[in-house]
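Structure first, commentary second.
The values are calculated or read from the model by the stated rules, or taken from the named source; none is laboratory data. Just so we're clear, the structure is a prediction, and the values are computed from it rather than from any experiment. As a convention, Cβ positions derive from the backbone with ideal geometry for all residues, glycine included, and neighbour counts pool all protein chains shown.
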Amino acid sequence: MELVVQTDGTISCLYDEALDLTALGNCEVQRASFVEPHVHGGWTADLWPVSGPVLGPFALRSEALAAERKWLDHYLLSQARSVMFFVVCPGCGSAVEIPETAVGPERTDLWNVCRCDVCNLSFDYDDQELQFEIDDRRLTWIPM
Ligand SMILES: [Zn+2]
């Protein structure tokens, strides 16, 4: 079970009975989607309650439930995340933003190379040099 804790103390998660959520404070439970049989067969996950897409149809209901969970996990994180990753330019000391696709275990950009928009220097960096900012607080990235 994944809990997304925001800076204002709000906690969001997909409903699950693994934890007693009332122990964390007042709870509000809302429907986020509907998994329904499709008129032409199979199953769909309709995410309209959170302004999301209709996923499917899937042959199996369990496939629709898995797709629903995957989409909602990503949605919850994206709602909470206001993180900027950056490294300090060795040429001029400016913060150079690093895209999320180049950070973390599921990154698709593996090269750790970037270019400073201020002094136009292209440089590479180590994961240990990566820093991030959440709501204007600068923190040091600790790679796992
Ligand atoms: Zn620079």
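Some notes on this structure:
- Counting the residues of region 100-144 that are modelled with pLDDT under 95 and either at positive phi or among the aromatic types (Phe, Trp, Tyr) (or both) gives 8.
- Restricting region 21-38 to residues that are closer than 27 Å to Ala64 by Cβ and among the β-branched types (Val, Ile, Thr), the residue that is farthest from the chain's Cα centre (by Cα) is Val35.
- Of all residues in region 5-20, those that are over 17 Å from Glu68 (Cβ atoms), aliphatic (A, V, I, L, M) and within 15 Å of the chain's Cα centre (by Cα) total 2.
- Options Val35, Val39; residue that is at pLDDT 90 or above and exposed (fewer than 14 other Cβ atoms within 10 Å of the Cβ): Val39
- Of all positions in region 10-31, at least one carries a residue that is touching a helix residue (DSSP H, G or I) at 6+ places or on another chain (Cβ under 7 Å), modelled with pLDDT under 85 and within 14 Å of Tyr75 (Cβ to Cβ).
- Checking each residue in region 17-32 for being surrounded by fewer than 14 Cβ atoms within 10 Å (Cβ to Cβ), out of contact with any strand residue (DSSP E or B) (no Cβ under 7 Å at 6 or more places or on another chain) and either touching a residue at least 12 places away in the same chain (Cβ under 8 Å) or not assigned by TED's automatic domain parsing to the domain that holds Asp73 (or both) picks out Ala18, Leu19, Gly25, Val29, Gln30, Arg31.
- Number of positions in region 54-99 that are at pLDDT below 85 and farther than 16 Å from Leu14 by Cα: 6
- Lone qualifier among Gly52, Gly41 - being within 21 Å of the chain's Cα centre (by Cα), in the same structural domain as Thr10 (by TED's automatic domain parsing) and more than 16 Å from the ligand (Cβ to nearest atom): Gly52
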